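What follows is a short report on a single structure.
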Amino acid sequence: MSTSEGTSTSTLSVTGLNHDGATAAAPSTITYTSTTPDAGFLVEHAINNDSNDSTSDKGVTASKISADAALATKVDADSNEPSRRSETPQTNCADNTNENLSILQSQIALEMNDEFIECSVDVFFKHYLPFEPSEAAVEECVLRLLCKDHAPNGDAGECFHPKQAPMTPRQCAQIKPLHKLDDNTGHPILSEVVLTVGYPDTPGLRFTDYMKRPGSHGSVEKTVFAPLKTIADAVGGYSETCDGRARNNFQYLHCPQTVISSDIGDSKSRIDACFSHEGSDLHTKYIAVPIEQNVSAANRNSMTFEGDKATLWYHCRSHSAVSRQFNFVENPKLLVKVFLSFLFATDEELGYDPNVTLVEGKKRQYTFTIPSSDGKSAKFYRTVKVISEYRSNNISGRMARVWLVDRVDSEGNKIGPQCVLKDVWLAVNALTEKEIQTAIFADIEKYCHPNKPDYNLALDPPEDSPEASLNAIKMRNAELVKSGKYKQYFLDIESDYSGKPSKDVLEGCTPVTGLFQNADADRIASLNDNSIRPVGSTPFIKSGQQHKRTFTPRKQYRVIFKEVCQAVGDLPTLGKVLNILKQTLIPLSLLYCAGWVHRDISSGNILAHQEGRILRAKLSDLEYAKRFPLPEDYEGNVNPKIGTPFFMPVEIMQDVYLYSQIVNDDDLEFAIHNPTLFIAKQQHDLGGPRKNTTQNNILEKPVIYNFQHDLESLWWVLVWSLTARVSHQPSRTWANQVFQHDVVPTPERVRFLRALSRITLEDIMLPSISFLHVLVELIRSVMNIAYSELERGDTFRDTLSYAITVDRFHLCFQQLESVSGAPWEETPLVM
């Protein structure tokens with residue numbers, strides 16, 4: 001049974017009425033959150049003052065629940081030692097300290113705002129509950145709760161079928177029991193009643209302890225919600241099986257205002273009740289359903305209560321779902337059905353991953369099972385520590401984590417050297433990293449192997465021509481490809497496994513926003529302007545950019561790499577960084593010749609692997625790689641930005657081609673500060689959109705990610721390493737203006753790329769390494785010339801047009817050989 005990070009959640013939200021108006025009811029929640037990588041649910045009981053059927057008015061209630069649920073799924077970055085906050089661009093979430101906890105909850109509510117779809121209760125029961133109990137099972141349970149006999153054959157037999165009212169009563173319905181209840185001798189969980197107001201003489205069912213609506217007569221949460229334990233215990237104990245399913249090990253615990261223990265540093269989360277499988281041990285890894293409750297007093301005339309409402313919530317890696325409300329007091333069978341689903345669900349249905357087990361007696365240490373492709377065998381890996389964790393404020397997304405692991409046998413005995421496990425959620429139809437790598441290797445062999453028919457060297461091409469550059473690239477790498485040693489610049493995949501996909505969105509479900517609109521609105525608005533967003537797990541969207549959310553199902557993907565590497569952003573000295581960046585041009589050149597673009601070059605995806613005395617570059621994270629040229633009908637950069645903004649190409653950030661349209665300084669300033677309006681002005685100056693003109697075609701074209709964008713990202717890693725990672729205040733101050741956690745580039749970033757910055761790089765760099773400004777500026781000149789030529793000739797889709805740039809990048813880095821072995825190589829870098 002896994003207890004690692006949760007991926008789906010379902011909520012039951014109940015809004016309570018006070019029939020005499022004596023006590024108003026504030027938001028109250030029962031929250032169920034899975035603590036595993038596969039699935040889970042969130043249950044919310046909310047006593048609220050609004051009875052509309054819409055779910056968009058939950059305000060603080062829904063916000064706090066989803067924020068608490070998401071927070072409960074977060075984990076430390078290391079299982080055996082304190083988490084180290086990286087100073088690289090991969091750090092995004094607030095620390096879980098006391099002062100940041102409530103801020104983090106509000107930020108979670110904000111960022112989950114567009115993750116929801118709304119559906120009917122019937123759809124939710126059928127699609128999102130762990131399983132939907134049969135009507136026969138529900139009726140049998142109801143009979144037991146009424147203390148009536150059930151048929152010997154296990155069928156419902158003769159049982160009470162209340163007549164359903166055609167609509168909700170307009171008044172608070174008063175009821176009278178059909179039998180006298182004796183509190184001294186015990187009473188049934190459910191009672192048959194007759195409504196006396198609204199729809200007189202209408203038979204129905206009520207929970208015996210909720211004849212009076214929750215929150216009446218000045219009750220507080222300790223007494224108001226205590227009967228839920230009795231109800232849950234009775235539902236779970238009505239039979240040994242439900243629809244052939246055995247009763248699971250989860251029990252309802254009533255524990256008002258209890259702080260739960262967690263592996264999250266400084267977590268002070270409290271619960272009022274829960275479903276747990278380890279008795280009174282209130283640790284997040286044992287709790288399947290944390291429950292929060294709250295009832296507060298208010299002026300009797302300030303609110304109007306109309307009914308006890310219930311709402312179901314569900315969260316997974318692709319989306320979140322919320323049901324329309326139902327009345328759990330007037331329809332107790334629905335709550336019985338929900339409790340049956342939770343109490344008779346399998347561990348896997350509740351979200352526990354059967355391929356992940358907690359190591360006994362260890363804090364956040366797991367054994368992962370990686371089944372073989374035929375399912376007949378498996379390999380086992382035990383986690384040592386987290387290498388990389390892309391923390392997110394969302395429940396949906398990629399949620400990539402990378403672990404250092406030991407190879408072990410089925411008994412847990414170590415049997416081999418350490419390796420690396422990557423755990424990520426991919427779009428259900430996306431190629432896996434192994435599939436992409438296999439395709440890349442096949443194309444490298446096809447186009448770069450000197451003995452293959454598609455090698456195709458140009459005969460006597462003119463000097464400095466694209467054909468000559470392409471020849472040089474191929475010949476430079478020919479022996480590597482011929483020997484197969486080119487693979488050493490990529491990670492060696494030992495095994496991988498794709499899990500079950502998340503749920504899809506059914507027809508009839510509609511997107512819904514504004515669920516958290518009342519949750520600390522002012523604070524959230526300020527956080528939205530300043531927060532650091534996640535890397536690789538949640539797409540980056542430009543300020544003001546409208547994006548229609550899609551809800552593509554995701555599949556969990558785990559891949560094992562044989563090499564244990566170090567990211568270039570963590571290398572300790574400048575010499576090692578430049579050595580690895582120079583080597584990285586080898587796999588990038590091979591990708592170019594094979595017709596692939598990487599699309600996510602960053603300081604975390606360029607790795608260094610120690611092979612004896614050699615420090616070898618490894619190009620990793622191929623999951624975004626695509627073949628190039630792209631199809632003519634490809635829509636370009638219409639998807640939200642992915643990757644690390646620090647190293648993202650400017651054209652991708654702005655989604656416009658600018659170079660060939662900027663003819664003076666005024667145009668430059670206009671384009672830097674507002675590229676969208678600049679393009680609109682260009683179109684207006686051309687007399688409106690026109691066809692069959694090269695310049696207008698460029699204006700209308702979406703930006704296509706190309707080979708030069710990969711090279712620009714590599715260049716930004718170089719600039720960042722020389723300025724932000726060096727302990728020299730002038731360069732670090734300037735770097736803060738260029739490298740920011742936002743996909744809208746700063747004016748200084750655009751000016752620097754265009755070689756129009758007022759800052760001279762040589763003047764702000766650490767004096768002992770300032771000579772390296774020549775390398776930066778030489779590469780920048782190559783890029784600017786190439787960008788201008790690409791746009792002038794509209795040759796974005798022509799693979800050959802990038803050959804000169806790829807070749808010149810190599811020649812620029814070759815200049816480092818003339819200064820190698822000097823003391824500057826030992827310049828320490830900030831980790």
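The numbers here are math on the coordinates, done by the rules we state, and not lab data. What you are looking at is a predicted structure, and each value in this text was computed from that prediction instead of being measured. Neighbour counts run over all protein chains shown; Cβ positions are idealised from the backbone, glycine included.
At 7 Å along Cα-to-Cβ for each site, give me the label-to-label distance between residue 811 and residue 247 in nm.
For residue 811 paired with residue 247, the spin-label model returns 8.0 nm.
Using the structure shown, select from 482/582; 268/333; 126/385; 487/626 the pairs with a Cα to Cα distance greater than 30 angstrom.
The answer is 268/333; 126/385.
With a/c under 1.5 counting as rounded, go ahead and sort the range 551-610 into rounded, prolate or oblate using the C-alpha gyration tensor (a ≥ b ≥ c being the square roots of the eigenvalues; past the cut-off, prolate if a/b is larger than b/c, else oblate).
oblate
To the nearest 0.05, how large is the calculated FRET efficiency for residue 365 and residue 427 if R₀ is 35 Å and r is the Cβ-Cβ distance?
Calculated transfer efficiency: 0.70.
For residue 626 and residue 135, what does the FRET efficiency come to when R0 = 51 Å and r is the distance between their Cβ atoms, rounded to the nearest 0.05?
0.55
Calculate the translational D of the range 746-821 in whole µm² s⁻¹ from Stokes-Einstein, where the hydrodynamic radius comes from the Kirkwood formula applied to all Cα pairs, the temperature is 25 °C and the viscosity 0.890 mPa s.
Reported coefficient: 174 µm²/s.
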